[in-house]
1. Taking the chain as a Gaussian network, Cα atoms linked when under 10 Å apart, which of Ala77, Ala18, Ala53 shows the biggest mean-square fluctuation?
2. What value, in deg cm²/dmol to 500, does the helix sum -39500 (n - 2.57) over DSSP H runs of n ≥ 4 give at 222 nm once divided by the residues of the chain?
3. Want the number for Gln64 to Gln22: 0.36 nm per residue separation, take away the alpha-carbon distance, what's left?
4. Restricting to the chain, compute how many DSSP beta bridges are antiparallel as a %, nearest 5.
5. Please give the net charge around Gln75, taking every other residue with its beta carbon less than 10 angstrom from that of Gln75, where Lys and Arg add +1 and Asp and Glu add -1.
6. Could you work out how far helix 82-94 tilts from the main Cα principal axis of the chain, as a 0 to 90 degree angle to the nearest 10?
7. Assuming R0 = 25 Å, what is the FRET efficiency of Ala94 and Ala50, from their Cβ-Cβ distance, to the nearest 0.05?
8. Which label belongs to the value computed from this structure, given these candidates for mean projected area of the Cα convex hull in nm²: (1) 7.9; (2) 5.5; (3) 8.5?
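Coordinate-derived values only; no laboratory data. Predicted model only: the values in this text are computed from it and were never measured. Reconstructed Cβ throughout: ideal geometry from the backbone, glycine too, with neighbour counts over all protein chains shown.
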Amino acid sequence: MNSHGSGSLLRVAVTPNAPRTQADGLHDGCLRVRLHAPPVDGKANDALVAWLAVELGLPRRGVQLLRGDTARRKQLAIAAAPDTVARWLATVLAAQ
């Protein structure tokens, strides 16, 4: 996770078609997220953005996909301070 203006950048490694959407630890410096959505017609990207927005308590427009539209590795801009995202990330990883 890095800062991005007044927000944050988050790198994510996505695994689509999972039984449910959830964070699954770190993978090669990225947050691994298992998504229930299939990788068809942008459904997995939409599910990722929506899930992160809910998890961070942000409106959907507060999470934006910057890179990785068709790749499993993605970079997202998050309209939240880096310390807020870091606290959320620490909580998610501690629950593993």
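1. Largest GNM mean-square fluctuation: Ala18.
2. Details: 2 runs with 27 residues, N = 96.
Computed mean residue ellipticity for the chain: -9000 deg cm²/dmol.
3. On the way: separation 42, 0.36 × 42 = 15.12 nm, distance 1.85 nm.
Net length gain for the segment: 13.3 nm.
4. Of all bridge pairs located within the chain, approximately 80 percent are antiparallel.
5. With Lys, Arg at +1 and Asp, Glu at -1, the neighbours total +4.
6. Around 50 degrees separate the two axes.
7. Working: r = 23 Å, r/R0 = 0.94.
The computed FRET efficiency comes out at 0.60.
8. Only one option fits the structure, namely (2).
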